[in-house]
Structures are given as structure tokens and as C-alpha cells.
1. Show the residue pairs that are 6+ apart or on different chains and have beta-carbon atoms under 7 Å apart, the first residue being within segment 24-47 and within 15 Å of Asp68 (Cα to Cα) and in contact (Cβ under 8 Å) with a residue 12 or more places away in the chain, the second being loosely packed, with under 12 Cβ neighbours inside 10 Å and not basic (Lys, Arg).
2. Looking only at segment 23-50, which residues are within 26 Å of Gly102 (Cα to Cα), assigned to a loop (DSSP other than H, G, I, E, B) and open to solvent by 60 Å² or more (accessible area, probe 1.4 Å)?
3. If I ask for residues that are among the small types (Gly, Ala, Ser) and either loosely packed, with under 12 Cβ neighbours inside 10 Å or in contact with a strand residue (DSSP E or B) (Cβ under 6 Å, 6 or more places away or on another chain) (or both), which ones from segment 104-126 would you list?
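The values are calculated or read from the model by the stated rules, or taken from the named source; none is laboratory data. Computed from a predicted structure; not experimentally measured. With ideal geometry, Cβ positions are generated from the backbone for all residues, glycine too; neighbour counts draw on all protein chains shown. Protein only, heavy atoms only, side chains kept; ligands, DNA and RNA dropped before computing areas. Shrake-Rupley method; radii C 1.70, N 1.55, O 1.52, S 1.80 Å.
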Amino acid sequence: GGAAASGSAASLPASTWEMVAEGVDDSWMASLKPIFKYFEARTPETLTEVQEHTITWHYCDAADEFADVQAVALQSHLVKVSGNAPVEVGLDMKRVEVRPYGVSKGAAISRILEQLSARWRLEQRIESEERLARLTEEPAERLSRRSGSLSPDEDPFGRPPRAHEPASGRHA
């Protein structure tokens, strides 16, 4: 299991990939991509990466001080021009990224954990129900297998005699 494509797809262990970001509004990408390209052209050793639902400007190989100033300027400009678009603008780990709200690897992992938790709770409930069914069926099955007559020393449920009472003292 895992998360891919900046969190737009996720899978549980031994499962198929599921799109997490279906119906995402990507209309903002066309208007913001030229801004990323402008900063890429102005800042040597940087790269703009366009994925299905995200645009990321990487500056890990660029000269530190200048690239840091450019990153802050890019982030600030993107926040202003994205306006009411349903996006998040982030600056971390030597990159500036714009992505739709709720589309991230963290959100995908959170979804995977929720699904695993739900699966575990279901398995626990099924196991508890099966255990309860075995407990309620066993005495009846034991009784039906017997000839119908119990000796004074036999418990109808097949329990062993208690340590503090002799077997002959037990009543059926």
C-alpha cells in the first residue's frame, strides 16, 4: 500500500490503486504554469515539475541565497494570483508547490489508515460474532450428540468439575 502522484492515488496493502483526487478542479493550472516557468527561467539550476494535479518549482540545486529569495517571491505571488482558486501554496524542502486542497500524500496516507482501521474493526466484529456463535452453539451441539441421559457426575455443558467440589456432588 501507499500514496502516489502527490497524493492523488492511494492503495491499501495487496490492493489496487484508487484515485483519491477524483473530480478535482485543475482549471487553475493553466494560469499558474507560466508564473512557475518565469521563475524557472530567472533562477539558474531550478526546475518546474507539472504533475496531474500539482505544479512544483524545485530549487535544491540553485545558489542558496538567491534561490531562497526567489522562492519566497514565487510563493507570495502565487498566493496573490491564485485568488479564490481551491488550492494550497506551500514552500518547504527547497520547493514551492501548488496543489488542490486535500490532495497530498499526507491526506492519502490518512485515507489509507482510515480504511485499514475500518477493515480491522470489521474483522474484529466478525471474529467476535463468530466466537459468540461458537459459544452459544457448542452446548446445544454437545447435548444433541449425547444419548440424552447424563450421569450424576456429568455436566451437560462438558465443563470439568470444580476443584472445591467432588464430581459426585455436582447436580445436572
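1. Listed pairs, sorted by first residue: Glu45/Asp61.
2. Gly23, Asp25, Ser27
3. Gly106, Ala108, Ser117, Ala118
This table checks each residue for (1) under 20 Å from Ser31 (Cα atoms); (2) in a helix (DSSP H, G or I).
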site	(1), (2)
Phe66	no, yes
Gln70	yes, yes
Asn84	yes, no
Arg99	yes, no
Gly106	no, yes
Ser117	no, yes
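So that you can scan it fast, the table gives a plain yes or no per residue for (1) at pLDDT 90 or above; (2) acidic (Asp, Glu); (3) open to solvent by 70 Å² or more (accessible area, probe 1.4 Å):
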{"residue": "Asp64", "(1), (2), (3)": "no, yes, yes"}
{"residue": "Val69", "(1), (2), (3)": "yes, no, yes"}
{"residue": "Lys80", "(1), (2), (3)": "yes, no, yes"}
{"residue": "Pro86", "(1), (2), (3)": "yes, no, no"}
{"residue": "Met93", "(1), (2), (3)": "yes, no, yes"}
{"residue": "Val98", "(1), (2), (3)": "yes, no, no"}
{"residue": "Gly102", "(1), (2), (3)": "no, no, no"}
